[in-house]
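As structure tokens, the structure follows; a few thoughts come after it.
The values are calculated or read from the model by the stated rules, or taken from the named source; none is laboratory data. Given the structure is predicted, the values throughout are model-derived calculations rather than measurements. Note that each Cβ is placed from the backbone with ideal geometry, even for glycine, and that neighbours are counted across all protein chains shown. Note: accessible area is taken over every heavy atom of the protein model, side chains too, but ligands, DNA and RNA are not part of it. Shrake-Rupley method; radii C 1.70, N 1.55, O 1.52, S 1.80 Å.
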Amino acid sequence: MNKNSLLSMRDLSAEEIMTILNDALLFDEKYQDWQLPCRKALVANLFYESSTRTHYSFESAELQLGCKVADIAVSQSSVTKGETLYDTVKTLEAVGYDAVVIRHPQDAYYKELENVNIPILNGGDGAGDHPTQCLLDLLTMYKEFGTLKGLNVVICGDILHSRVASSNKEALEKLGSTVRFAGPKEWQREGFPVVDLDEVISEVDVVMMLRIQRERGAALTDMKDDESYLEKYGLSKARYAKLKDSAIVMHPAPVNRGVEIDTDLVEAEKSRIFPQMSNGVLVRKAVIKRAFGFESFE
Ligand code: CP
């Protein structure tokens, strides 16, 4: 496996995470026009699952960095003839791509790709990890609070099917934040500390709502309709009103409006949902810079 791959937040030390975040900040504040100083930088985006934010913010980052980009249409590729993930990625390497971004429904799909030599950037694996989503979440908090040490974070909702929950737990604990989880008990995970959202809402710095991942089989026996979910487990206006002045609301999106969060709160003052997406381009620029082995901006 190429050492500049990004597969899981487990693989990054606190120092490496902070290097990526500081590069993302430099892309924002100083090096907006910086491009990869390579003779060629061909990047393939290989998405086996649908995506708007991850796919097109990677593409935006790649284009801003001067990469040449190929969007691999999985449905028109030889995947439809039964070609394996490994053979598909080895083919992209053989025909000259220098890096590949992959989203795939299988947990830890990248374990099959040990013999691939080009960097692999994980755009989400099943219910496993979503490292660039985690990095953009961290950047959003870092920009807001100036530190990730000592933050009090609650992540609410469909924890069981969420790769965002596990990546954020891993990273935030490594960086000194407290992370707890709320929502339906059927969707909690072993080893993830559970709290009642109503008991902690007035003390948290960050409340991160998660989408119900119905495509991964999420269903509740006690959920009559979307309004009952919002009332019981979501960010309603009543809960929002209890947040501290300095607290922020996050959601990886896409949002089920009126389910995880009241639709009027998606762009409320404390919401950072759309800024999270802008931060996604910055961290993906930093991750691509790292993938191509550039440590500095010189
Ligand atoms: N947050 C996120 O991963 O969104 P997409 O599925 O649209 O990429």
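A few points about this structure:
- Candidates TYR86, TYR56: the one that is away from the ligand (no atom under 16 Å from the Cβ), open to solvent by 20 Å² or more (accessible area, probe 1.4 Å) and hydroxyl-bearing (Ser, Thr, Tyr) is TYR86.
- Scanning the stretch 64-83 for residues that are open to solvent by less than 70 Å² (accessible area, probe 1.4 Å) and either touching a Lys or Arg at 6+ places or on another chain (Cβ under 6 Å) or closer than 17 Å to LYS40 by Cβ (or both) gives LEU65, GLY66, CYS67, VAL69, ALA70.
- Test for GLN35: is it open to solvent by 50 Å² or more (accessible area, probe 1.4 Å), away from the ligand (no atom under 16 Å from the Cβ), touching a Leu at 6+ places or on another chain (Cβ under 7 Å) and on the phi < 0 side of the Ramachandran plot: yes
- Tally, over the stretch 38-53, of residues that are away from the ligand (no atom under 16 Å from the Cβ), open to solvent by 40 Å² or more (accessible area, probe 1.4 Å) and modelled with pLDDT of 95 or more: 1
- Any chance ASP205 is open to solvent by 10 Å² or more (accessible area, probe 1.4 Å), at pLDDT 95 or above and within 26 Å of LEU12 (Cβ to Cβ): yes
- Number of residues in the stretch 168-202 that are farther than 27 Å from LEU21 by Cβ, surrounded by fewer than 17 Cβ atoms within 10 Å (Cβ to Cβ) and small (Gly, Ala, Ser): the value is 1.
- Qualifying residue in the stretch 104-114 (condition: within 16 Å of the ligand (Cβ to nearest atom), in contact (Cβ under 8 Å) with a residue 60 or more places away in the chain and either on the phi < 0 side of the Ramachandran plot or hydroxyl-bearing (Ser, Thr, Tyr) (or both)): no
- Helices (runs of 4 or more DSSP H) contained entirely in the stretch 163-282, each with at least 3 residues that are among the polar types (S, T, N, Q) and under 20 Å from GLN133 (Cβ atoms): 163-174
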